[in-house]
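Each remark here refers to the structure printed beneath this line.
The values are calculated or read from the model by the stated rules, or taken from the named source; none is laboratory data. As the structure is a prediction and not an experimental result, all values here were calculated from the model. Here Cβ is always computed from backbone atoms with ideal geometry, including for glycine, and neighbour counts include all displayed protein chains.
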Amino acid sequence: MYVYIAYNVYMSNIQYTIRNIPVSVDKVIKKRSKQSGRSFNQTVVDLLSLQTFGTTEIPKDDNFDWLYNRNTLDDSFDEAIRDISKVDKKLWE
């Protein structure tokens, strides 16, 4: 039991196993890792952060405030939501 607790404390960061990485993607990540002098793992984390947040600096909190009230959807989405949100009075009579 103590080993399990120690393992969970030590491994508090989330880990992924990603399969079926194309050879070309592997080569680019390894090249970027070598050029930057960072580990392969850190390069992958930076790329994921860059793609997710637009920066390699991860926000301090993870409550998604950075996403709240941002217009990330197409205008047609808002129109569709308005259309389906209208109450059909005939259905409610």
* Structure fact -> Picked from segment 20-46 (must be part of a helix (DSSP H, G or I) and of a type in the set (Gly, Ala, Ser)), the residue surrounded by the most Cβ atoms within 10 Å (Cβ to Cβ) is Ser33
* Going by the conditions given, is Arg70 at pLDDT below 75 and either over 23 Å from Thr17 (Cβ atoms) or in contact with a Leu (Cβ under 7 Å, 6 or more places away or on another chain) (or both)? -> yes
* To do: Pick out the one residue from Ser49, Ser12 that is assigned to a helix (DSSP H, G or I), out of contact with any His (no Cβ under 6 Å at 6 or more places or on another chain) and either surrounded by 10 or more Cβ atoms within 10 Å (Cβ to Cβ) or modelled with pLDDT under 75 (or both).
  => Ser49
